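Have a look at the structure below, then the notes.
The values are calculated or read from the model by the stated rules, or taken from the named source; none is laboratory data. Keep in mind that this is a model prediction, so the values were computed, not measured. Backbone-built Cβ (ideal geometry, glycine too); neighbour counts: all protein chains shown. SASA here: full protein model, heavy atoms, side chains in, ligands and nucleic acids out. Shrake-Rupley method; radii C 1.70, N 1.55, O 1.52, S 1.80 Å.
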Amino acid sequence: MKTNEEFLKEAIDSAIENVRLNDGKPFAALIVKNGEVLAKGVNDVLHIHDPTAHAEIQAIRKAAFRLNSEFLEGCVIYASGHPCPMCLAAIYISGIRTVYYGSSLEQAALHGFGVSHIYTEVGKSNEQRQYPLQQLKVADAEKPFLVWKEVNSPSEFEP
């Protein structure tokens, strides 16, 4: 079975290949479960013009599809670089609890890929953010949750 360092090296090699072959950004990620690579993702932002197409997100999408589940408990993600806040949130939401990464936030920033300011911004209260979110009070804003509960709750009349 491969070591953590070998899986991480594979992710780093994929990031290099992404730059050389696909003219992509220098990031890649692997999702591994029980020693098997379930999915590999590379940063496809430039190719598909999707700002969310980060390597970790792409790998999570593929692994979830492969497992036919949005929950990836027991999986490990190996990222060539420290995940950005969006990717970290996706990792948490997916249930992945172990993350290994190569380059640091500081190393990425030295090469024009800085995201530390986003980590800082997310940690602020809404009122303190540079671009605060604005809730609009509209009728039925809570209704999607109520319909979800209605549709996904077992009926009291079922045997």
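Go ahead and set up a Gaussian network model of the chain, Cα springs under 10 Å, then flag whichever of 141, 79, 109 fluctuates most.
Top of the fluctuation ranking is 141.
How big is the charge dipole of the chain about its Cα centre, in debye rounded to the nearest 20, if each Lys and Arg gets +1 on its Cβ and each Asp and Glu gets -1 on its Cβ?
On the way: 15 positive and 20 negative charges, 38 e Å.
Dipole size: approximately 180 debye.
Among 13, 50, 140, which one moves the most in a GNM of the chain with springs linking Cα atoms closer than 10 Å?
140
Using a 1.4 Å probe on the protein chains only, how many percent of the accessible area of the range 1-149 belongs to carbon and sulfur?
Roughly 58 percent of what the probe reaches on the range 1-149 is carbon or sulfur.
With angles folded into 0 to 90 degrees, how steeply does helix 143-152 sit against the dominant principal axis of the chain? Use alpha carbons for both and round to 10.
Helix 143-152 sits roughly 90 degrees off the main axis of the chain.
Below 25 Å, Cα to Cα, which lysines can residue 149 reach? Residues fewer than 8 away in the same chain don't count.
137
If I model a spin label as a point 7 Å beyond the Cα along the Cα-Cβ vector, how far apart are those points for residue 139 and residue 9 in nm?
6.5 nm
Build a GNM of the chain with springs between Cα atoms under 10 Å: which of 113, 65, 145 gets the top mean-square fluctuation?
Greatest mean-square fluctuation among the candidates belongs to 145.
I want to check the label-to-label distance for residue 126 and residue 147. Put each point 7 Å from Cα in the C-beta direction and report it in nm to one decimal.
In this crude label model, residue 126 to residue 147 measures out at 2.3 nm.
So what is the accessible area of the range 1-131 per residue, in Å², with the probe set to 1.4 Å?
It amounts to 59 Å² per residue over the range 1-131.
With angles folded into 0 to 90 degrees, how steeply does helix 4-22 sit against the dominant principal axis of the chain? Use alpha carbons for both and round to 10.
Taking Cα atoms only, the helix is inclined about 80 degrees.
Lys/Arg Cβ at +1, Asp/Glu Cβ at -1, dipole of the chain taken about the Cα centre: which of 83, 32, 65 is farthest positive-ward?
Farthest along the dipole direction, towards plus: 83.
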